[in-house]
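J.: First the structure, then my questions, so here it is.
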């Protein structure tokens, strides 16, 4: 009896299940229903949606976890009925389509309620970015930020809030904007900032942009300009030395135009101006040290402390070297030791001297090289007016062209010397104050003109060589380097219009000394006087009468020339 009762109950239960199953035959294609995963196979998951057969869903439609589809038996899933039965009697389901339909409904509702949607930027596409908000949406480049973003790729993988600005379900088109939300946020912050901001106040802002001339600081909905000159009391070559975009910094409001919404900011003004203590720290004559921060053609700037720089002029770099450019002495970044020479508080300028930090070699040069000292050195430079001879490192002595030779007529020093020649010279003068060292080469030898008047008295006859011919006479060399002039009127008793017609260069002639001017280093010579002497004319008496060199060489004057006197005497003797 009990067994029969059970059979009846089992039959009723099966009937109920069968009836319930058939009651679900109203599942239609295109509907979204909830099912349960009853089996997981290699590529599919079987889902029971209460139909007479299970449905199949590809595993790739499920969310991935650790690189694998995350689906387990017993999971509840919403699915889209693609087809009630295929040729094998299996119902075709899609989780992906159900998710997409649900997202579309959610986005549609959010759009109607003017709500914000969250999404993750997944790729860069033409004209903007692709965003995953459950389905793929488009974010135009102009809607990414308040300002154009140059590198959109750096935003891939980032998650943000967005506003739907265009929605078309039929075309599957969703357009997002992040800029709209940022503008709303900025306007709200700006309102608060404009009400609280005032000149002289200290505020905290975020570096928004960095340019060559300064940095723009976001103060909360309004940007302020921190100019490069207001960043530091010290030298700033470029703002990016101090700031990066995104840095939070404390600044002082220097100027605030509420109507124009313009704000000028300062960073250095938060600290005291270092020039207020310069007089105490760096008095004139103080030895200081600093870092070379800049080089110019005229000198080097040295930072003594942030905001305090001094200039070492090129003329103050070395006692001895002729510095053509500061880079020959120092480089940027070097530590330089110097002495404070002068301070201009109005212009905030400090003059420094590098050479003053070391003894001046010129002050002891006179003691080391007294006048008359013979030294040996190398020719370092040749100019029109003389040669420079190296004395020691950085110190040259000048041998003026007039001190090269007692006798040679030097037109240019290069006739006698070349750079690099070793020469011997004597110290003539040391001017430490003007840093001048005078040398002489001819002074190494005796001046021949101290003996010329004794060796070549008037009336003496010597042999010489014609070395130069001019319109007014010829020059005859009586010994190496010593020349005398035979005026055209002293060449012959006969009239000579052109000396070149009777004499040649290199020709040897006997001449008579008719005048010696030791002061002007000139010797007057005569050829015709020699001829007159050969004829017995007593010329010494006429020389003794004081015939001047001017009379002898010029052929003028009331006394006439020596030749005229000799000719007259010769005529008197013949008459006797």
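J.: Cut-off is 10 Å between beta-carbons; in what order do 275, 362 appear when sorted fewest neighbours first?
T.: Fewest-to-most ranking of 275, 362: 275, 362.
J.: Please work out the Cα center distance from the range 190-245 to the range 268-346, rounded to the nearest Å.
T.: Result: 30 Å between the Cα centres.
J.: Using only Cα atoms, tell me the angle between helix 95-112 and the longest principal axis of the chain; keep it within 0 to 90° and round to the nearest 10.
T.: Once rounded, one gets 80 degrees.
J.: Short version: what are the Cα gyration tensor semi-axes of the chain, square root of 5 times each eigenvalue, largest first, in whole Å?
T.: Gyration-tensor ellipsoid for the chain: 118, 31, 22 Å.
J.: Tell me what the chain gives for mean residue ellipticity at 222 nm when only DSSP H runs of n ≥ 4 count, each as -39,500 (n - 2.57), the sum divided by the residue total, rounded to 500 deg cm²/dmol.
T.: -5500 deg cm²/dmol
J.: Also, I was wondering about something else. Against the longest principal axis of the chain, how steep is helix 2-23, in degrees 0 to 90 to the nearest 10, with axes from Cα atoms?
T.: Between helix and principal axis, roughly 50 degrees.
J.: Another question, if that's okay. If packing is taken as the average count of other Cβ atoms within 10 Å, what order do 185-197, 379-391, 121-133 fall into, highest mean first?
T.: Packing order, densest peptide first, comes out as 379-391, 121-133, 185-197.
J.: Give the order of 427, 204 when sorted by the count of other beta carbons within 10 angstrom, beginning with the fewest.
T.: 204, 427
J.: Jot down the per residue volume, in cubic angstrom and as a whole number, of the convex hull over the alpha-carbon atoms of the range 362-444.
T.: With only Cα atoms used, the range 362-444 gives 82 Å³ per residue.
J.: While we're here: Determine by what factor the alpha-carbon radius of gyration of the range 260-321 differs from 2.2 N^0.38 Å, reporting the quotient.
T.: This ratio for the range 260-321 stands at 1.54.
J.: With the alpha-carbon atoms as the only input, what is the per residue convex hull volume for the range 219-307 in Å³?
T.: In the range 219-307, the Cα hull volume divided by residue count equals 141 Å³.
J.: Taking the Cα centroid of the range 496-532 and of the range 429-456, what is the distance between the two, rounded to the nearest whole Å?
T.: 29
J.: So what's the Cα pair-distance distribution over the range 107-154, bin width 10 Å, in %?
T.: Bin by bin from 0 Å, the calculated values are 25, 50, 24, 2.
J.: Using the basic label-point model (7 angstrom from Cα toward the beta carbon), what is the residue 28 to residue 165 distance in nanometres?
T.: 3.9
J.: What are the semi-axes of the equivalent ellipsoid of the range 114-182, taken as the square roots of 5 times the eigenvalues of the Cα gyration tensor, listed largest first and rounded to whole Å?
T.: With the √(5λ) rule applied to the range 114-182, the semi-axes are 18, 13, 11 Å.
J.: Could you please tell me the mean projected area of the C-alpha convex hull for the range 197-270, averaged over all directions and given in square nanometres to one decimal?
T.: 4.4
J.: Another question about this same structure. Sorting 162, 138 on the 10 Å Cβ count, fewest up front, what's the list?
T.: In increasing order of surrounding Cβ atoms, one gets 138, 162.
None of the figures in this text is laboratory data; all of them are computed from the coordinates on show. Keep in mind it's a predicted model, so treat the numbers as computed, not measured. With ideal geometry, Cβ positions are generated from the backbone for all residues, glycine too; neighbour counts draw on all protein chains shown.
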